[in-house]
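The values are calculated or read from the model by the stated rules, or taken from the named source; none is laboratory data. For clarity, every value in this text was computed on a predicted model and none was experimentally measured. Virtual Cβ from ideal backbone geometry, glycine too; neighbours counted across all protein chains shown. Just the protein is used for accessible areas: all its heavy atoms, side chains included, with ligands, DNA and RNA removed. Shrake-Rupley method; radii C 1.70, N 1.55, O 1.52, S 1.80 Å.
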Amino acid sequence: MPRAAGTRPPFLSVALISSAALGYEILLMRLFSISQWHHFAWMIISLALLGYGASGTFISLARQYLLPRFNTVFPLNLMLFGIASVCCYLAARQVPFNAGEILWEWRQSLYLLALYLLHAVPFFFAANGIALALSRYRDAVSLTYAADLLGAGLGGLTVIALLFLLLPHTAMKVIAILGLLAALVAVYEIPVVRRRAWQAVILPVIVLLAVM
């Protein structure tokens, strides 16, 4: 679908969600290196790719349905990333995975699978948002992709700085808020309907995370 007249790609929201997604990935690596053996920290890369790969399959199958509704599904996916990044992490903490028992306790393999699926969900939503922007604004794909890469680079630097200043669990909330801010910025970058309704949903979630 070509770009509509008078509009431009949502560069800032793409950069923000890319920054939040890469920051989330690095933060999960840090948390796994603390809570599990350091070998399992590197599995975060594969589960991030799982989320992105699942998103690519989903977008390819539902593209004809999603693109005409871009102004709704784009900010929705960014908002869902912010919510899922915290909710999925809290749910994953309830999974009784013990790396030391994985060789003789068959349930540990199921717990590991549960961790994979839970942690892949936020990456799925982030990838949906980025892929939809790239598909919707195909005539500006290079600039949109540049915003994606720039945001990812800044996200990596930001989360490293955060870990010097905040506890990892507090940094997690900051990453989630960054994803929600990406959704809030998106509703100003694209011509959404009921902008106040979007604000009424996103702003309270940001405040709730900030005071938790």
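Here are a few things to note about the model shown:
- Tabulated pairs, segment 187-212, first open to solvent by 70 Å² or more (accessible area, probe 1.4 Å), second modelled with pLDDT under 80 and not basic (Lys, Arg), C-beta under 9 angstrom, 6+ apart or interchain: Pro191/Ala4; Pro191/Gly6; Pro191/Thr7
- Close Cβ contacts (under 7 Å, 6 or more residues apart or on different chains) running from residues in segment 131-150 that are aromatic (Phe, Trp, Tyr) to residues that are assigned to a helix (DSSP H, G or I) comprise Tyr137/Thr144; Tyr145/Leu134.
- Restricting Val207, Val201, Val159, Val187 to residues that are touching a Leu at 6+ places or on another chain (Cβ under 7 Å) and at pLDDT 85 or above narrows the list to Val159.
- Counting the residues of segment 155-205 that are over 17 Å from Gly129 (Cβ atoms) and in a helix (DSSP H, G or I) gives 24.
- Residue in segment 80-92 that is modelled with pLDDT under 90, over 30 Å from Gln199 (Cβ atoms) and surrounded by fewer than 18 Cβ atoms within 10 Å (Cβ to Cβ) present: no
- Scanning segment 51-65 for residues that are open to solvent by 40 Å² or more (accessible area, probe 1.4 Å) and hydroxyl-bearing (Ser, Thr, Tyr) gives Tyr52, Thr57, Ser60, Tyr65.
- Total residues in segment 132-172, condition open to solvent by 30 Å² or more (accessible area, probe 1.4 Å) and not aromatic (Phe, Trp, Tyr): 21
- The residues on offer are Arg63, Arg69, and the sole one that is free of Cβ contacts under 8 Å to residues at least 60 places away in the same chain, under 23 Å from Phe11 (Cα atoms) and in a helix (DSSP H, G or I) is Arg69.
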